[in-house]
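Following this message is one structure expressed as structure tokens.
Any read-out appearing in this document is the output of simple, stated calculations on the displayed coordinates, not a laboratory observation. Fair warning: this is a prediction, and the values are worked out from it, not measured in the lab. For neighbour counting, all protein chains shown are included, and Cβ atoms are generated from backbone atoms with ideal geometry for every residue, glycine included.
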Amino acid sequence: MTPFIFNTSPSIRFGAGVLSQIGEIVREEIGSRALLVTDPGMLATGIVDRALDFLQDAGVTATVYQDVKADPPESVVTTCAKAATDADAQGVIGLGGGSSLDVAKLVALLAGGKEDLTSIYGVGNAKGPRLPLILIPTTSGTGSEVTPISIVTTGQSEKMGVVSPVILPDIALLDPELTLGLPPHITAATGIDAMVHAIEAYASVNTNNNPLSRNLATEALRLMGASLETAVHSGGDIKARSDLLLGSMMAGQAFANSPVAAVHALAYPIGGHFHVPHGLSNALVLPHVLRFNAEVAPKPYAEIAAHVFPELAAVEHEKDRAEGFCDAMAALSKRCGLQQTLREMEIPQDFLPKLASDAMNQSRLLVNNPREVREIDALEIYQTAW
């Protein structure tokens, strides 16, 4: 067996209602002063207030930083880190979607050590130390609570990643009740995003693709394939919400160790230039990247097809089963109500060459793709998606 490394969050606490334990957990793991990182949308849900009540009951003073934005820019990270320092926070809590969790990871690092944000982009450049860190996801999409990755928008549109096991949280707390209020469109986009994590982790040609990631990916796809539509169309179904949240986490564990590839590489410029949510950006290019890959590397897609769509088990030939999987994923996205083309997002056709050029900057991801993607290939994929 090829040697591999597998890292994940050391403690995972999952269950409906576990948010009620946050006060005791923070008191034990962090202390009496914490910074809670979130966004304005989360404040409006009442979930932050509930968390603050639990923290207060446990004798924890929590300073709230509430200005996280989608695709967070560097300025949000540095301002939030200063808030942690000013509050003399003993640790950091991230509560919300992937952007809040990503910011919380970097704030724990910057406030807890001497590193500078611009010096830690890339793989393995963040060394620590960091403050204690607890992450609480409220969407079933990014898996950020179990990944050593944080994505930041630099300049006007380019995204950069900090990748280091140092920013894995001490505790990932997953309460499916926190996802019950997610609107259908957000449920769909984040759900497809999580499925992309599992698909790309399984098919990745990274040298660290490993049996643990592949097994987590297939189980994640089984859970999410059976629950996504129910969660989208019957948002109060706690079983569907639980399966989706667990599947999202498992997909996060998978791609944290067997990295994602061209779907993400082509999605990032869409989000960076046009502020399309990350999950939807993935969904827009997913079927087209899958078909591009499956032309020369159908095997991984044929292997995972029946885990998501059991009816595909009856398709005998590998290439046909892989093609069926590509088509079925596109159909699932459409049934969940997501936009299907770039022009629906008001992306001009004459901007596609710029997207293709920018996608080539994501070399960290493109090297993991089962098929080489040249700039002309990226342009053709965008044109097909348009």
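Could you tell me what percent of the DSSP beta bridges with both partners in the chain are antiparallel, to the nearest 5? The partial results should precede the final answer.
Details: 6 of 29 bridges.
Taking every DSSP beta bridge with both residues in the chain, the antiparallel ones total about 20 percent.
Turning to a different aspect of this structure: How much length would be gained if the chain were fully extended between Gln21 and Asp350, taking 0.36 nm per residue of separation minus their Cα-Cα distance, in nm to one decimal? Can you show the working numbers first?
Numbers: separation 329, 0.36 × 329 = 118.44 nm, distance 5.20 nm.
Result: 113.2 nm gained on full extension.
May I ask you to derive the FRET efficiency for Glu295 and Arg374 from their Cβ-Cβ distance with R0 = 22 Å, giving the value to the nearest 0.05?
Values: r = 14 Å, r/R0 = 0.65.
After rounding to 0.05, the efficiency reads 0.95.
May I pose another question? Counting only helical runs of four or more DSSP H residues, what would the 222 nm mean residue ellipticity of the chain come to if each run contributes -39,500 (n - 2.57) and the total is spread over all its residues? List each step's numbers first, then the result.
On the way: 15 runs with 197 residues, N = 386.
Calculated from helices alone, the mean residue ellipticity at 222 nm is -16000 deg cm²/dmol.
Please report the relative contact order for the chain, taking Cα pairs under 8 Å with a sequence separation of at least 6, and give it as a percent rounded to a whole number. Working shown, then result.
On the way: 831 pairs, mean separation 59.4, N = 386.
It rounds to 15 percent for the chain.
Taking every DSSP beta bridge that has both residues in the stretch 48-184, what percent is antiparallel when rounded to the nearest 5? Write out the running numbers ahead of the final one.
Values: 6 of 16 bridges.
Antiparallel: roughly 40 percent of the beta bridges in the stretch 48-184.
At 0.36 nm per residue, and after removing the present C-alpha to C-alpha distance, how many nm does the segment from Lys82 to Ala70 gain when stretched out fully?
On the way: separation 12, 0.36 × 12 = 4.32 nm, distance 1.96 nm.
Value of the extension gain: 2.4 nm.
Please get the size of the charge dipole for the stretch 184-385, origin at its Cα centre, with Cβ charges of +1 on Lys and Arg and -1 on Asp and Glu, quoted in debye to the nearest 20.
On the way: 15 positive and 22 negative charges, 70 e Å.
Rounded to the nearest 20 debye, it is 340 debye.
Additional query: Can you list, bin by bin at 10 Å, the percent of alpha carbon pairs in the stretch 11-179, starting at 0?
11, 45, 35, 8, 0
Still on this structure, I have one more. Using alpha carbons only, how many angstrom separate the centre of the stretch 304-356 from the centre of the stretch 166-218?
Rounded to whole Å, the Cα centres lie 18 Å apart.
Rounding to the nearest 10 and keeping the result within 0 to 90°, find how far the Cα-based axis of helix 262-274 lies from the longest principal axis of the chain.
The helix 262-274 is inclined about 60 degrees to the chain.
Do any GluC sites (Glu not before Pro) in the stretch 261-369 lie in a loop, going by DSSP, with at most 10 other beta-carbon atoms within 10 Å of their beta carbon, and if so which? Mind dumping the intermediate values first?
Values: sites: Glu295, Glu303, Glu311, Glu316, Glu318, Glu323, Glu344, Glu346; in loops: Glu295, Glu316, Glu346.
Loop-located and lightly packed - Glu316, Glu346.
By how many nm would the segment from His275 to Glu158 grow when fully extended, if each residue of separation counts as 0.36 nm and the alpha-carbon distance is taken off? It would help to have the intermediate numbers written out before the result.
On the way: separation 117, 0.36 × 117 = 42.12 nm, distance 1.14 nm.
Gain in length upon complete extension: 41.0 nm.
Another question, if that's okay. Could you give the spread of the C-alpha atoms of the stretch 270-386 along their three principal axes, from largest to smallest, in whole angstroms?
Principal-axis extents of the Cα atoms in the stretch 270-386, largest first: 42, 31, 20 Å.
Could you list, in their original order, any pairs among Lys69/Lys299; Lys159/Lys299; Lys105/Lys159; Lys127/Lys159; Lys105/Lys299; Lys239/Lys299 whose Cα atoms are separated by more than 27 Å? The partial results should precede the final answer.
On the way: Lys69/Lys299 39 Å; Lys159/Lys299 31 Å; Lys105/Lys159 16 Å; Lys127/Lys159 21 Å; Lys105/Lys299 36 Å; Lys239/Lys299 32 Å.
Check vs 27 Å cut-off fails for Lys69/Lys299; Lys159/Lys299; Lys105/Lys299; Lys239/Lys299.
If you average the C-alpha positions of the stretch 51-74 and of the stretch 247-298 separately, how far apart do those two centres end up, in angstrom?
Measuring centre to centre over Cα atoms gives 30 Å.
Relative to the longest principal Cα axis of the chain, at what angle does helix 299-308 sit, 0 to 90 degrees, rounded to 10?
60 degrees
While we're here: If you place +1 on the Cβ of every Lys and Arg and -1 on the Cβ of every Asp and Glu, how big does the dipole about the Cα centre of the chain come out, in debye to the nearest 20?
Working: 26 positive and 42 negative charges, 81 e Å.
Using Cβ point charges on Lys, Arg, Asp and Glu, the chain gives about 400 debye.
What share of all Cα pairs of the stretch 184-385, in percent, falls into each consecutive 5 Å distance bin?
Each 5 Å bin holds this share of Cα pairs: 1, 9, 17, 21, 22, 17, 10, 4, 1.
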